[in-house]
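Data block below; observations after.
Nothing in this text is a laboratory measurement; each read-out follows from the coordinates by a stated rule. All figures in this text were calculated on a predicted structure; none of them were measured in a lab. Please note: Cβ atoms are built from the backbone with ideal geometry, for glycine as well, and neighbour counts cover all protein chains shown.
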Amino acid sequence: MFIRRLPRFEYHTPASVAEALDLLGRFGDKGRMIAGGTDLLVDMKKREVVPEHLISLNGIAELKGIAFSDNGGLRIGALATLGEIERSSIVREMYPPLRDAVDVMASTQIRTLATIGGNLCSALPSADTAPPLIALGASLKLIGPQGDRWVAVEDFFVAPKQSVCHADEILAEIHVPKPVANSSGGYLKLMRRHAMDLALVGVAVCLTLDGDRRLCKGARIGLGSVAPTPVRVTDAERVLVDQEITEVLVREAAAIASRECRSRRESIRASQEYRRMMVEVLTKRAILEAHRRIVG
C-alpha cells in the first residue's frame, strides 16, 4: 500500500486541560488531539483523516502517571504509555489481566510511544486494553466544557472507531478498583503470528473466590475483536457465580460466551464461525488460568 507524506497542519502544545479544551472548541472538526500518534499519524498519511490542527496533549502533566492507593485503587493517566504500564510493578503484581495485555501488544518501539488513552479512544474492536479493563471493572474520567463525568469501560464503546467521548471532551484517566481478596485474572490473545499482530480474538477474565477458595463469588469476562465493539458477556459470568469451578462448569460458561459475543461479520482476517469457536476455547482457558492463579 502506498502511504504518502503527512499533510500540512498546525501543531499546538497546550500546557493544561483547560487550554486543550479551549483549542478543541476553537477548531471544531478541523482539530484532532494527539498523544503517541501511533494510529493517528498513519491515518493521516493514508488521508483517512486530514486535520488542519493537531493539539498535542503531551505537555499536560495531570494526564500522566500511574499511582495506587488502598482507598482509591489504581489511577492510570491517559498519557501513560504501554511501556510504562508494562514496567509498572503495581500492574504486574495486582492487575494481571492488564499486565498480560500490554505484554503482547505491538513492538517495544510502539509501546514506548503508544498511550493507553489512545488505545481506548481509537475505539477499535481489537483494542487490547479494553477487555482486561472491562474484566477489572474499570471506569474512565472524561473532561469537557460541561465538567467531568465517569463512564464504565464496558459502556464506552458505541461502534468501530466510535465512543461516547464527545468531540469536545478529553479522556483524562482510567480508574481500576483495588482487587479484593482471593481474586485474580488473565488475558489471552489469539494472533496469526506470535508478536506484533492485532487480536483475532481477545479474552479477559477476572474471578473472585470465597474464603475457602472453593466457590466463585464473582466473575467478569471481557471480549475483544469478536464484535463491533469490545463487550462484556454477563450471561457467561452468571453461570460461574456461587458455583465450584469445575471443568464441566467452565466448558458451559465458555459455550455461552461464544453464543453471547455477537461475532463480527466475516473479514479477511477471520470468519465468524472461527471467531466464535476461538471465543469458546480461549474463554475456557482464561477462566482456568484465573482460577489457577488464585488457588495455585
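Quick notes on this structure:
- For Ser126, nonlocal amide neighbours, meaning residues 5 or more places apart or on other chains whose placed amide H falls under 5 Å from its own, are Ser225.
- In terms of surrounding Cβ atoms within a 10 Å radius of their Cβ, Thr246, Thr81 rank from fewest to most as Thr246, Thr81.
- The phi torsions of the stretch 43-53, fed into the Karplus equation with coefficients 6.51, -1.76 and 1.60 and a -60° offset, translate into couplings of 4, 5, 5, 7, 6, 6, 9, 9, x, 8, 9 Hz, rounded to whole numbers, with Gly and Pro shown as x.
- Bridging of Lys64 to lysines at a Cα separation below 21 Å is possible for Lys141, Lys178, once same-chain residues fewer than 8 apart are set aside.
- A Gaussian network model of the chain, with springs between Cα atoms under 10 Å, assigns the largest mean-square fluctuation among Ile170, Ile110, Ile221 to Ile110.
- Table column - 3J(HN,Hα) (Hz), the stretch 230-235, Karplus curve with 6.51, -1.76, 1.60, x for Gly and Pro: x, 9, 10, 10, 6, 5
- CD proxy at 222 nm, helix term only [per DSSP H run n ≥ 4: -39500 (n - 2.57); per residue of the chain; nearest 500]: -9500 deg cm²/dmol
- Between amide H atoms placed 1.01 Å from N, distances below 5 Å from Gly73 occur with Lys178, all of them 5 or more places distant or on a separate chain.
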